[in-house]
Amino acid sequence: MEYSLRGKTIVGGRAKGMILLTTQPINFLSSVDKMTGRITDKNHELFGKFLKDSILIFPYSVGSSVGAYSIFALKSNNASPSGIICSLKTDITTASGCAIANIPLLELCKDQVIPEIETPSEGIIDGSSGFLQIKKV
Amino acid sequence: MHLTREEEDGLDGKNGNPISSAYKILLSIGKATNAERLIPVEWVHLSGVNYNTIGDAGVEFLTKYSEEARFVVPTTINPMGYDSNKQNNLSSNFQKQQGRIAKAYGKMGSIPSFSCIPYELFELPERGHNVSFAESNAAVMVNSVFGLRTNKESSLSALASAITGKAPYSDLRIDSTRNPKIRIKIDKELKTELDYGLLGYFSGKSVKESCVSFGSSISNIDMYKTKSLAAGLGTSGACGMFSNKDTHDETISFGKEEQKSTVDELNTTDSGDVIALGSPQLGMYEMEQLSKMIVGKKFSKKCMIFCARPVYEKSCKSGIAKILEKAGANIICDACTCLSPLLSREEYDGVITNSVKAAHYLNKSNGVSVCLKDLKSIIRDHTK
């Protein structure tokens, strides 16, 4: 199945990667290994998963303001998502981190509903049109 | 978002790369928060100073950025990894990289405050004025207690504000957002500063709005409890302000059960080999309280107290520092319990603290177990 979701472009560009979806917020400073991109918080539903080269769909980031540097560090260490979707609201930490790291970032429009996504699925972000394409691979 | 001609020029790189990057950041957060324009800010407080948090990527970024970038508004900075006036056994690499960070911020024109409680150290602008505060406890404190206006800024959004003197006019800078639309109903008696920290941590997790009400029950709490509440709220969530205004909208209960589940998440051991106080750093009020409780006693475990340097200097003059040091405490300036490399897994099995913020980061980032106790219980259980 193929889906297309509409978003608002916060940081432009094109990105492609495997979909990594969570409904739980992420604290980029305390819950992600900056060298590998692994989610290290045992209480998080993405525990053990890697952000590297993914299209991360998550509600928003929480906690430390330094999370913006963590996003930048992930990119510098070649361990960041290829692109990010904030499904609920785009917080300042995620927006500023993606802006400086050049990671395409969309905020999902309020009327868009994320469908049941089969694993593994691939996502493509197109910042110029503001669309996320999802297709099962 | 509308940009003036001058701002457009800045974005286009006519005033150099650092200013262009700064406007790129402001534009992205302006879009994210639906701002129509940028407004001036009077004071910036930056996080991202501790090498433990920003790592080598951050050091390289700041070193390069500081070659050209200069701050155009008064800019204070967060704690770093250690006390620059005291010996420590951190690696030479840590000290070198930490030194480069301090140098880069200094070169850009920061005030070397190395504190997460700038609101207790510097003269505050008038109520209603706009600032840009990264460091979540400080953003929550100035919004909620001192009537200043800031969003819950990130290290990089605040850096962009320091370079341009501007921030997007959105979210908590706007009156309507500062009126809470969700309330936490407190269904148990809150006694200690730890209780308030737990309330804050629970609320940050439960609320996705930018402002939350606790009703009038928090109107008369002391500085220790207020800072503890603000730090808890800032650590777990996206919320940047609390209020005592009542609201008839949605309410969420915080009772015995909610408090217990919050403790269960953060309290990961029953004992510890070091006591750490100060996250946020202690101010004069807490230093005084602590000295009254400890006078004539001695800590039975190693005890580290993290406070701001001007607070330490005042404590030396008033004799409070001597009381604490006589009780065996090591008073550390320029650093903070949370994320300090002085509290590493290699050196300690468990840390005893009354700070939920410290507990969160010690557990999740430093990988050190935490025994959470309120200050009274710490003194009762761990002094002779």
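Rule-based calculations on the coordinates, nothing more; no lab input. If you're wondering where the values come from, they're calculated on a predicted model, not measured in any experiment. Methodologically, a virtual Cβ is constructed for each residue, glycine included, from the backbone with ideal geometry; neighbour enumeration extends over all protein chains shown.
Against chain B, whose longest principal axis is taken from its Cα atoms, helix B:92-108 shows a tilt of about 40°. What separates the Cα centres of the range B:204-262 and the range B:307-374 is a distance of 24 Å. Across the range A:56-107, the mean sequence separation of Cα contacts (distance under 8 Å, 6 or more residues apart), normalised by length, yields a relative contact order of 47 percent.
Quick one: angle between helix A:92-101 and the longest Cα principal axis of chain A, in degrees between 0 and 90, rounded to 10, please. Compared with the principal axis, the helix lies near 90 degrees. Per-residue 3J(HN,Hα) values for the range B:195-212, derived from phi via the Karplus relation 6.51 cos²θ - 1.76 cosθ + 1.60 with θ = phi - 60°, read 4, 6, x, 5, 4, x, 5, 4, 5, x, 6, 8, 10, 9, 6, 7, 9, 10 Hz in sequence order (x marks Gly and Pro).
Relative to the dominant Cα principal axis of chain B, helix B:256-266 is inclined by about 80°.
Let me check I've understood the local charge: for A:I10, count other residues with C-beta under 10 angstrom from its C-beta, Lys and Arg +1, Asp and Glu -1. What total comes out? Residues close to A:I10 contribute a combined charge of +1.
Springs join every pair of Cα atoms under 10 Å in this Gaussian network model of chain B, and among B:S355, B:S279, B:S21 the largest mean-square fluctuation is at B:S21. Calculated mean residue ellipticity, 222 nm, the protein assembly as shown: -10500 deg cm²/dmol, from DSSP H runs (n ≥ 4) at -39500 (n - 2.57) each, averaged per residue and rounded to 500.
Once a ≥ b ≥ c are taken as the square roots of the eigenvalues of the Cα gyration tensor of the range B:243-292, is the result rounded (a/c under 1.5), prolate (a/b larger than b/c) or oblate (a/b not larger than b/c)? Oblate shape, in that a/c is at least 1.5 and b/c is the bigger or equal ratio. Residue by residue, the range B:278-291 carries 3J(HN,Hα) couplings of x, 7, x, 3, 6, x, 4, 4, 5, 4, 5, 4, 4, 5 Hz when phi is fed to the Karplus relation 6.51 cos²θ - 1.76 cosθ + 1.60 (θ = phi - 60°); x denotes Gly or Pro. The GNM of chain B, with springs linking C-alpha atoms under 10 angstrom apart, assigns the highest mean-square fluctuation among B:N34, B:N363, B:N50 to B:N34. Taking every C-alpha pair closer than 8 Å and separated by at least 6 residues, the mean separation divided by the residue count of the range B:237-384 gives a relative contact order of 30 percent. Would you mind getting me the FRET efficiency between B:F146 and B:E325? Use the beta-carbon distance for r and R0 = 41 Å, nearest 0.05. Computed FRET efficiency for B:F146 and B:E325: 0.85.
Where both bridge residues fall in the protein assembly as shown, DSSP classifies roughly 40% of the beta bridges as antiparallel. Close amide-amide hydrogen proximity is noted between B:N151 and B:F133, each under 5 Å apart and 5 or more residues distant or on a separate chain (H modeled in the peptide plane; Pro and chain starts excluded). Fully extending the segment from B:T63 to B:S253 would add 63.7 nm, taking 0.36 nm per residue of separation and subtracting the current Cα-Cα distance. Annotation: the antiparallel percentage among DSSP beta bridges lying fully within chain B is about 10.
Got the relative contact order for chain B handy, in percent, Cα pairs under 8 Å and 6 or more residues apart? That works out to 17 percent. Computed from backbone phi, the HN-Hα couplings of the range B:38-51 come to 9, 10, x, 10, 9, 7, 10, 10, 9, 9, x, 10, 7, 4 Hz, rounded to whole numbers (Karplus: 6.51 cos²θ - 1.76 cosθ + 1.60, θ = phi - 60°; Gly and Pro given as x).
With Cα atoms defining each centre, the range B:4-37 and the range B:143-196 are spaced 23 Å apart in the structure. Within chain A, the longest segment free of exposed loop sites, counting trypsin sites (Lys or Arg not before Pro) that fall outside DSSP classes H, G, I, E and B and have at most 14 other Cβ atoms within 10 Å, spans A:43-109. Near B:M241, the amide H atoms lying under 5 Å from its own belong to B:V212; only residues 5 or more places off or on other chains count, and H is placed 1.01 Å from N. Rounded, prolate or oblate: which fits chain B, taking a ≥ b ≥ c as square roots of the Cα gyration tensor eigenvalues, rounded meaning a/c under 1.5, else prolate when a/b beats b/c? Oblate, because a/c is 1.5 or more while a/b does not exceed b/c. The H on the amide N of B:K298, modeled in the peptide plane, is under 5 Å from the matching H of B:K384, each at least 5 residues off or on a different chain.
Comparing A:E116, A:E107, A:E45 in a Gaussian network model of chain A where C-alpha atoms under 10 Å apart are linked, the largest mean-square fluctuation is found at A:E116.
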